[in-house]
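Below is one structure; the comments refer to it alone.
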Amino acid sequence: WKDGVQEAMPELTTILSNIPEFESCVVVLGVCDAYISRLTPGTHIKPHCGPTNLRIRTHLGIDVPEECFIRVADKAPSRMSQGGFFVFDDAYEHEVWNNGTRIRINLVVDIFHPGINDKRLLNELQEIRQSTDANVAKANSWEVSSSPSHSSPSSSMISNSSHDEL
């Protein structure tokens, strides 16, 4: 887990650690994460692409001002909303704006892309699911022992350096 995430959100990290689609994404791919994303007013995260199409990124709007938008690929920008759930393949070019007057707060969670049918990866995922199920049955809880840290968008992608992740 990224520094501070388990301490700040112990219930959430326990829940996510027990979801095979999230755990397998972290362990097999090493490019998945869960974090709180804060975007201050006036911030524009410039167009960029994620590192792989093996994951799907989800955004759950926790505190979202009216004027927050996300654009993915060649689609028109979509307004983000409080309580709204936005799912996309972040390998496609995307960008985000907070044109509101308050900080936008989203929960971001990556999961293994369900459309992938690579046999090697699927075998590894099955092994992780079986191991996770066995560990949950034994201990009734399971924690990730380690996870690669999340790579934040570089400062060159953010029009002002006011994008934080917890």
Please label the shape of the range 1-104 as rounded, prolate or oblate, based on the square roots a ≥ b ≥ c of the eigenvalues of the alpha-carbon gyration tensor (a/c under 1.5 means rounded; beyond that, a/b larger than b/c means prolate, else oblate). oblate
Put a dot 7 Å past each Cα toward the Cβ at residue 85 and residue 103; how far apart are the dots in nm? 2.6
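What per residue convex hull volume, in Å³, comes out for the range 12-57 when only alpha-carbon positions are used? Numbers along the way, then the final one.
Numbers: hull volume 3.8 nm³, N = 46.
Hull volume over Cα atoms, normalised by residue count, gives 83 Å³.
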What spacing in nm lies between the two simple spin-label points modelled at residue 127 and residue 92, each 7 Å away from Cα in the Cβ direction? 3.3
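Only the coordinates and a few stated rules stand behind these numbers; no lab work does. What you see is a predicted model, and the numbers here were worked out from it, not measured in a lab. So basically every Cβ, Gly included, is an ideal-geometry build from the backbone, and we count neighbours across all protein chains shown.
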